[in-house]
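Down below is the structure, laid out as C-alpha cells.
The values are calculated or read from the model by the stated rules, or taken from the named source; none is laboratory data. Here the structure is a predicted model, which is why all the values come from computation and not from measurement. Cβ: placed from backbone, ideal geometry, glycine included. Neighbour counts: every protein chain shown. All accessible areas refer to the heavy atoms of the entire protein, side chains included, with ligands and DNA or RNA removed. Shrake-Rupley method; radii C 1.70, N 1.55, O 1.52, S 1.80 Å.
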Amino acid sequence: DIDSTPNNSDGTPTEDDEDSTLVSPADLGTIGDFVWHDLDGDGLFDAGEPALSNITVTLTHPDGTTETTLTDATGHYLFENLPAGNYVVTVGPGPGDKELTTPGSYNVVLSAGEDDLVNDFGFAPLPIDLELSKTSNAPNPIYVGSEFVYTLSLVNKGPGIATGVVVADQLPGELQYI
C-alpha cells in the first residue's frame, strides 16, 4: 500500500514501513567469469591467450547500486550471494595499449540460485597504422657517377604502439652504396 508518512517505522510489524523477505542461501546466485588478452582480436578466447589481472569489473544491482572487484591473477572475477534480478556487468578500462574485442557490458537476468559464469571480456592490442615513404634527391636525368640519397620515413599513425618494426630497402642492382 502507499504510505502516507514514509520512513515512520515504529517497529510494529503491521506498520507499512516494516517489510522483510526471507532469502535462503540456495536462492542466491553468482555472476562472473574471465578477462583476457585477445591476441588475435577475434573476441573469442583461444587456448594460449593470457589472462589479464587487476582489471576493474563493476556490477550494477537491480536497485542501481554498484560494487566493483578486480580480476585475480588468473583473470577471473566473481560477484557472489546475489538474489534473483536484473544486473549489468561492466568491465573497466584495460591496459593502456589495448581495446575491447567483446561488448563492454552485459545485461544479466539472474534467476534464484543461478550461477551465471559466461560474462567474458577480451582486450586486444590497439591497431597500428604504419606509413612508409621513400624519397630521393636524385637529379633527373641521373648520369653515371651521380650521387644521390634515398630517405625512408616511417610514421605510425596509431593508435597502438609499434614495436619491433624492421624496415629494409633493397638497392637496385645497378646502384651501389658509397
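Points worth noting:
- Looking across region 83-109, the residues that are farther than 21 Å from residue 30 by Cα and open to solvent by 60 Å² or more (accessible area, probe 1.4 Å) come down to 93, 96, 97, 99, 100.
- Flag if residue 126 is closer than 30 Å to residue 94 by Cβ, surrounded by 10 or more Cβ atoms within 10 Å (Cβ to Cβ) and over 27 Å from the mean Cα position of the chain (by Cα): no
- Yes/no for residue 151 being polar (S, T, N, Q) and exposed (fewer than 10 other Cβ atoms within 10 Å of the Cβ): yes
- Restricting region 17-45 to residues that are open to solvent by 60 Å² or more (accessible area, probe 1.4 Å), farther than 30 Å from residue 98 by Cα and assigned to a loop (DSSP other than H, G, I, E, B), the residue that is modelled with the lowest pLDDT: 23
- Criterion (within 35 Å of the chain's Cα centre (by Cα), within 23 Å of residue 41 (Cα to Cα) and in contact (Cβ under 8 Å) with a residue 40 or more places away in the chain) met by exactly one of 160, 113, 164: 160
- Yes/no for residue 121 being modelled with pLDDT of 95 or more, within 27 Å of residue 162 (Cβ to Cβ) and surrounded by 14 or more Cβ atoms within 10 Å (Cβ to Cβ): yes
- Residue 71 vs. criteria modelled with pLDDT of 95 or more, open to solvent by less than 80 Å² (accessible area, probe 1.4 Å), of a type in the set (Ser, Thr, Tyr) and within 29 Å of residue 126 (Cα to Cα): yes
- In summary, residue 144 fulfils each of the numbered conditions (1) assigned to a loop (DSSP other than H, G, I, E, B); (2) open to solvent by less than 80 Å² (accessible area, probe 1.4 Å); (3) free of Cβ contacts under 8 Å to residues at least 60 places away in the same chain with the single exception of condition (2).
- In the condition set (1) modelled with pLDDT of 85 or more; (2) open to solvent by less than 80 Å² (accessible area, probe 1.4 Å), residue 132 is compliant with all but (2).
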